[in-house]
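Some notes on the structure that comes next.
The values are calculated or read from the model by the stated rules, or taken from the named source; none is laboratory data. Just so it is clear, the structure is predicted and the values come from calculations on it, not from any experiment. Please note: Cβ atoms are built from the backbone with ideal geometry, for glycine as well, and neighbour counts cover all protein chains shown. The accessibility values were calculated without ligands, DNA or RNA, using every heavy atom of the protein model including side chains. Shrake-Rupley method; radii C 1.70, N 1.55, O 1.52, S 1.80 Å.
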Amino acid sequence: MKICVIGLGYIGLPTAVTMANRGFEVYGCDIREDVVEKLASGTVHIEEPGLESAFLAALQSGRLHVDTKPSPADAYVIAVPTPFLKSDRPSMKPYREADLTYVLSAAEAILPHLKKECVVILESTSPPGTTRDHLRPVLERSGLTAGTDFYLAYSPERVLPGAILREIISNDRIIGGINSESARKAKDIYGEFVEGGIFETDCTTAEMVKLSENTYRDVNIALANELAKVCELVGSNVWDVVRLANEHPRVQLHQPGPGVGGHCIAVDPWFLVEAAPHDTPLIRNAREVNDAQPARVIAKIAALLESRGPGPILFLGVTYKANVDDMRESPCLEIIRHFAESGAEILVFDPHVEQYDYPLEESLKGAIKKARYVVYLVDHDEFKFMDPELLAGKVIFDTRHLIVEKSVPADAEVHLLGSATKRKV
Ligand code: SAJ
């Protein structure tokens, strides 16, 4: 079976690679010529554990081909971005709404190749109704009818960056068809490589499932961030509170932090607000709480600088979360930019990032030596086991609970987000 995967980014590329390695003839395409050139020369453009070797294996098998245009195929998988734009709708102002341009131009690109019995699957996270009300009309301009002449389904990607290749196979899959025949046809394809359960439903329900999952996480992170504020006021430590509350069999509190980044959780809840602007105050509020976290971190560091005097500030981590190279929507960007623009002496170290707006330090050790303030923004593994002597005399602000008592010398001053007590450990 020939599959054409449209969009070779964080989801499309691992999907194309997995399918090729499971025996499909895969034609991957991306509108970015630089990406296609790089891939054609045997180099992957994103950091993801195991991706490069799996990609090379797929290329060498002769079953993976890359191009800037779609090829005729039996099935099309659309995995393009759905960014969000500032909204002009009065009910959404000052918020943003989904931009379906990439999804719709992918559909346009498929159109000349669409024939009877083809299967078209959208994987991009999309507002409810996208498959039925936006994708279907474009594809039906072919003169073919979705559900009878060709099959149309929505199947959200659910993989966790950092564990994509494993989760693409092991996670359960939701497949929402425009009708049940479409869901079944799409299931036949995923059934070739998915080892988790595959659950069939309609396409709008599948779109809602995806958005609900990420919104669940966003709302719970907002709750943790709010609990952190309460703990600071009442003289408790939120990390202990979360850990102990989670001993309850029906409680699963999330972790507080410097904010929510990435291209999913910080974006997707807005698609639900867009669908029902007057009925989603909780979701909107959670977004606002999480978006305000970087400003809280900035205020806390500024207060330390005010009372302890100026000095070089080392920021540890730039990415949106641990052990990835992705900086999209990272809360660190706002925090670091603030201090850089306010004239503070800043140092930045992130072992996963090669290029950034400000110079990056080459070694963790060297960077810490130069710093007076050490701000932990990302919980990369590299930051977990630090030579305690390096931190002697430093003023530390930890937004991720990386500092454990034993790892810090007595004369370091440690401040922890969500904890009232300055921990002199
Ligand atoms: N974060 C916290 N506290 C937490 C958990 C996360 O502050 O307790 C922050 C992280 O530091 C990061 C952001 O939230 O800045 C998002 O990180 P994440 O690991 O929660 O999620 P993503 O964006 O990397 O991946 C999510 C996943 N969704 C869920 O776990 C429900 C993934 O399965 C999805 O495939 C992905 O979104 C997506 O593409 O939608």
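Given +1 on the Cβ of Lys and Arg, -1 on the Cβ of Asp and Glu, and no further charges, what dipole in debye does region 241-357 carry about its Cα centre, rounded to the nearest 20? Don't jump to the answer; show the numbers that get you there.
Details: 10 positive and 16 negative charges, 105 e Å.
In total the dipole reaches around 500 debye.
Taking +1 at the Cβ of each Lys and Arg and -1 at the Cβ of each Asp and Glu, which of 356, 339, 54 sits farthest along the dipole of the chain towards its positive end, judged by Cα position relative to the Cα centre?
The residue sitting farthest along the positive end of the dipole is 339.
Going down the table (300/369; 38/370; 116/187; 69/185), which pairs top 29 Å between alpha carbons? Display every interim value, and only then the final one.
Numbers: 300/369 22 Å; 38/370 37 Å; 116/187 18 Å; 69/185 24 Å.
Going by Cα-Cα distance, 38/370 fall outside the 29 Å limit.
Over 15 Å apart: what share of the alpha carbon pairs of region 322-415 falls there, rounded to a whole percent? Present the calculation step by step, with values, prior to reporting the outcome.
Details: 2696 of 4371 pairs.
Everything past 15 Å amounts to 62 percent.
Percent relative contact order of the chain, based on C-alpha pairs within less than 8 angstrom and at least six residues apart?
Over the chain, the number comes to 11 percent.
Need one number for region 212-361: average projected area of the convex hull over its C-alpha atoms, nm². Don't skip to the end; give the middle numbers.
Details: hull surface 43.2 nm².
Orientation-averaged projected area of the Cα hull: 10.8 nm².
Over the heavy atoms of residue 328, what accessible area does a 1.4 Å probe trace out, to the nearest 10 Å²?
Result for residue 328: roughly 90 Å² accessible.
Whole-Hz Karplus ³J(HN,Hα) for region 265-271, in order, using 6.51 cos²θ - 1.76 cosθ + 1.60 and θ = phi - 60°, x for Gly and Pro?
Coupling constants for region 265-271: 5, 7, 10, 4, x, 4, 5 Hz.
Search the structure for amide H atoms under 5 Å from the amide H of residue 175, placed 1.01 Å from N in the peptide plane, and list their residues when 5 or more places away or on another chain.
Under 5 Å from the amide H of residue 175: 199, 200, 201.
Name the residues whose placed amide hydrogens come within less than 5 Å of the amide hydrogen of residue 118, ignoring near sequence neighbours (fewer than 5 apart) on the same chain.
151
What angle do you read, to the nearest 10 degrees and between 0 and 90, between the alpha-carbon axis of helix 180-190 and the longest principal axis of the chain?
60
Viscosity 0.890 mPa s, temperature 25 °C: what is the translational diffusion coefficient of region 105-182 from Stokes-Einstein with a Kirkwood Rh over Cα pairs, rounded to a whole number of µm²/s? Could you put the intermediate results ahead of the total?
Numbers: Rh = 13.4 Å.
Rounded, D is 184 µm²/s.
Beyond 38 Å, what share of the Cα-Cα pairs of the chain is found? Please give it as a whole percent. Walk me through the intermediate numbers first.
Working: 26292 of 90100 pairs.
The share of Cα pairs beyond 38 Å in the chain comes to 29 percent.
Could you compute the FRET efficiency for residue 113 and residue 341, with r as their C-beta to C-beta distance and R0 at 60 Å, rounded to 0.05? Please list the in-between numbers first.
Details: r = 49 Å, r/R0 = 0.82.
Computed FRET efficiency for residue 113 and residue 341: 0.75.
Tell me the carbon and sulfur percent of the accessible area for the chain, rounded to whole percent, probe radius 1.4 Å. Mind showing how you got there, number by number?
Working: 9550 of 18390 Å².
Of the solvent-accessible surface of the chain, carbon and sulfur hold 52 percent.
May I ask for the angle, rounded to the nearest 10°, between helix 331-341 and the longest principal axis of the chain, with both axes built from Cα atoms and the value confined to 0 to 90°?
That works out to roughly 50 degrees.
Divide the volume of the convex hull of the Cα atoms of region 1-154 by its number of residues and quote the answer in cubic angstrom per residue. Provide the component values of the computation, followed by the final result.
Numbers: hull volume 18.1 nm³, N = 154.
Per-residue hull volume (Cα only) is 118 Å³.
Can you grab the distance from the C-alpha centre of region 160-179 to the C-alpha centre of region 47-87, Å, no decimals?
Computed from Cα coordinates, the inter-centre distance equals 15 Å.
Give me the Kirkwood hydrodynamic radius of region 25-99, using the inverse of the mean 1/r over all pairs of distinct Cα atoms, in Å to one decimal. List each step's numbers first, then the result.
Values: mean 1/r = 0.0673 Å⁻¹.
That comes to 14.9 Å for region 25-99.
Among 302, 258, 27, pick out the residue whose Cα is farthest towards the positive end of the charge dipole of the chain, where Lys and Arg carry +1 and Asp and Glu carry -1 on C-beta, about the Cα centre.
Result: 302.
For region 219-295, report the translational diffusion coefficient in µm²/s to the nearest whole number, using Stokes-Einstein at 20 °C, 1.002 mPa s, and a Kirkwood Rh over Cα pairs. List each step's numbers first, then the result.
Details: Rh = 13.4 Å.
In µm²/s, the coefficient is 160.
Would you work out the charge dipole size for region 155-259 about its Cα centre, treating the Cβ of every Lys and Arg as +1 and the Cβ of every Asp and Glu as -1, and quote it to the nearest 20 debye? Walk me through the numbers on the way to the answer.
Details: 11 positive and 16 negative charges, 19 e Å.
The calculated dipole for region 155-259 is roughly 100 debye.
For the chain, with only Lys/Arg (+1) and Asp/Glu (-1) charged at the beta-carbon, what is the dipole magnitude about the Cα centre, in debye rounded to 20? Could the numbers behind the result be given before it?
Numbers: 45 positive and 61 negative charges, 137 e Å.
The calculation lands at about 660 debye.
Among 143, 153, 81, flag the residue with its Cα farthest along the positive direction of the charge dipole of region 68-158, charges on Cβ as +1 for Lys/Arg and -1 for Asp/Glu.
So the residue furthest toward the plus end is 81.
Rolling a 1.4 Å sphere over the protein heavy atoms, what is the accessible area per residue of the chain, to the nearest Å²? Numbers along the way, then the final one.
Working: 18390 Å² over 425 residues.
Counting only protein heavy atoms, the per-residue value for the chain is 43 Å².
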